[in-house]
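Report on the following structure.
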Amino acid sequence: MSRNVELFARASRSIPGGVNSPVRAFRSVGGTPRFVARALGPYFWDADDKRYIDYIGSWGPAILGHAHPEVVRAVQEAAVHGLSYGAPTEAEIIIAEMLIERMPSIEQVRLVSSGTEATMTAIRLARGATGRNKIIKFEGCYHGHADSLLVKAGSGLLTFGNPTSAGVPPEFVAHTIVLDYNDIEGVRAAFAEHGKEIACIIVEPVAGNMNLIKPIPGFLEVLRSECTAHGALLIFDEVMTGFRVGPQGVQGLTGIKPDITTLAKVIGGGMPIGAFGGSKEVMANIAPLGGVYQAGTLSGNPVAVAAGITTLKLLAAPGFYEDLSARTRKLVDGLVAAAHKHGIAFSGDCVGGMFGVYFSNTVPTTLAEVSASNIDMFKVFFHAMLDEGVYFAPSAYEAGFVSATHDDSVIAATIEAADRVFAKLAKG
Ligand code: HOZ
């Protein structure tokens with residue numbers, strides 16, 4: 001019997017659903033999750049010692065490839081000096097300075113332990129700074145699992161056909177206005193009706209939790225101008241896109257400056273970390289300077305910070321993002337060409353080291369369009385690729401991630417595997 005099957009049965013006795021984060025349970029694709037035994041570069045090996053080319057890379061952080069030797073060394077060196085202090089360190093200043101130097105909109109930054117903490121606190125900060133309650137979010141965008149953000153929140157919830165979580169009292173989301181992603185007129189109408197009550201818009205400036213969805217031209221610009229016109233704050237949730245789509249996130253690619261940015265994933269190089277930052281004026285509202293409270297024993301954890309600093313240093317190598325973007329584009333173009341060769345309706349898109357593939361003729365721009373793609377065919381594709389030793393995200397509502405170690409031979413092997421799979425799919 002497969003050891004993955006044994007471990008899943010055992011895990012299901014002690015852990016709800018056998019996993020510590022729902023999408024990992026494979027419920028949207030069926031079958032048995034692969035239990036990771038070890039990982040290196042673009043690969044991981046499961047409990048049966050089968051090797052997979054990994055296209056989730058911890059959902060983004062493994063941008064340098066798994067177990068990059070310099071990042072591992074930094075973690076080892078930090079660990080011998082203690083794992084957590086609950087007191088400040090010089091390394092926290094170094095990473096804060098690096099984030100400020102690289103992210104155009106950040107003058108001050110606070111470290112936390114996860115993306116969820118970062119977005120949850122960013123919302124509290126926006127409400128505290130404006131004295132307003134209402135927030136705007138977009139259908140299919142996921143901003144962590146804080147109560148007021150768990151409305152129509154993308155992959156993890158969509159997987160179960162349940163757009164909103166149980167256990168969230170209606171009063172907690174009464175102030176959350178949900179609009180369609182890329183719906184410019186919807187944003188204008190919401191501000192026309194509620195302009196004086198809206199504290200902020202929170203948005204994934206390139207969405208990665210309903211598959212990859214790019215903003216249409218003008219969308220982010222209108223978010224910026226409506227917020228400015230009505231005294232609301234614009235929050236870019238760059239937890240996924242920060243240092244993943246380019247050296248300065250989506251704000252660097254578009255030139256649009258949010259008031260608050262949330263970060264996580266890549267800035268910890270695989271260790272648990274998160275951050276939120278903005279202008280000095282906005283950040284002055286955070287305790288101990290201001291009345292918006294936020295705290296955490298593991299905030300600025302020395303081991304996570306060491307991994308983050310080393311990762312950020314390595315990402316500054318000349319040409320890093322050009323190279324990563326070219327590899328990702330090569331993968332997407334190769335997959336699309338292979339599918340079309342076999343007459344399969346398939347499209348793909350990418351930004352930096354992040355990509356989406358869709359069983360539809362055109363690239364979707366909304367959650368509804370992702371849902372209208374051939375998700376049944378995705379499931380068959382996912383399992384056939386798994387058999388071929390290629391691990392894509394186990395949901396049609398997730399983006400994919402390429403690392404610097406996905407070289408030409410790894411990408412060619414992926415496209416060859418996909419070619420065989422598409423040939424089978426075409427036969428039905
Ligand atoms: N839905 C999450 C990524 N978009 C999954 C996170 C995880 O399982 O680690």
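For residue 417, the shell of other residues with beta-carbons less than 13 Å away shows a net charge of -1, using +1 for Lys and Arg and -1 for Asp and Glu. Helices assigned as whole DSSP H runs in the chain whose Cα atoms extend at least 24 Å along their own long axis and whose mean Kyte-Doolittle hydropathy is -1.0 or higher are found at 320-341, 408-427. Considering only C-alpha atoms, what is the centroid distance from region 359-428 to region 257-299, in Å? Rounded to whole Å, the Cα centres lie 35 Å apart. Projecting the Cα atoms of 363, 200, 254 onto the charge dipole of the chain (Cβ charges, centred on the Cα centre) puts 363 farthest toward the positive pole. Of the chymotrypsin sites (Phe, Trp or Tyr not before Pro) found in region 275-376, the ones in coil according to DSSP and having at most 15 other Cβ atoms within 10 Å of their Cβ are 293. Highest average first, the peptides 251-258, 143-150, 360-367 ordered by how many other beta carbon atoms sit within 10 Å of their residues are 143-150, 251-258, 360-367. Straight-distance candidates among the lysines for linking to residue 214, with alpha-carbon spacing under 30 Å and chain neighbours fewer than 8 residues away dropped: 134, 137, 152, 196, 257, 265, 280, 313, 330, 341, 379. Assuming charge only on the beta carbon of Lys and Arg (+1) and of Asp and Glu (-1), the dipole of region 74-212 about its Cα centre is about 380 debye to the nearest 20.
Straight-distance candidates among the aspartates and glutamates for linking to residue 50, with alpha-carbon spacing under 18 Å and chain neighbours fewer than 8 residues away dropped: 6, 387, 388.
Each other residue within a Cβ distance under 14 Å of residue 206 adds +1 if Lys or Arg and -1 if Asp or Glu, for a net charge of -2.
For region 1-69, the list of chymotrypsin sites (Phe, Trp or Tyr not before Pro) that fall in a loop by DSSP and count at most 11 other C-beta atoms within 10 angstrom is empty. Each Lys or Arg adds one and each Asp or Glu subtracts one; over the other residues with Cβ under 10 Å from the Cβ of residue 237, this totals -1.
Spacing of the modelled spin labels on residue 377 and residue 80, each 7 Å from Cα toward Cβ, amounts to 5.6 nm.
Straightening the chain between residue 317 and residue 416 buys 32.6 nm, computed as 0.36 nm per residue apart minus the Cα-Cα spacing. Under the convention that each Lys and Arg Cβ holds +1 and each Asp and Glu Cβ holds -1, the size of the dipole of the chain around its Cα centre is about 620 debye. Helical content alone sets the calculated 222 nm signal of the chain at -11500 deg cm²/dmol, taking -39,500 (n - 2.57) per DSSP H segment of four or more residues and averaging over every residue. Annotation: per residue accessible area for the chain equals 41 Å², rounded to a whole number [probe 1.4 Å, protein chains only]. If R0 is 30 Å, the Cβ-Cβ spacing of residue 133 and residue 185 corresponds to a FRET efficiency of close to 0.80. Among 184-197, 111-124, sorting by the average number of other beta carbon atoms lying within 10 angstrom of each residue, highest first, gives 111-124, 184-197. Of the residues 277, 135, 343, the one whose Cα sits farthest towards the positive end of the charge dipole of the chain is 343 (charges of +1 on Lys and Arg Cβ, -1 on Asp and Glu Cβ, taken about the Cα centre). Only beta bridges with both residues in the chain are counted; by DSSP, about 60 percent of them are antiparallel.
The values are calculated or read from the model by the stated rules, or taken from the named source; none is laboratory data. Note that this is a predicted model, so its numbers are computed, not measured. Please note: Cβ atoms are built from the backbone with ideal geometry, for glycine as well, and neighbour counts cover all protein chains shown. Heads up: the accessible areas ignore ligands, DNA and RNA and are worked out on the full protein's heavy atoms, side chains in. Shrake-Rupley method; radii C 1.70, N 1.55, O 1.52, S 1.80 Å.
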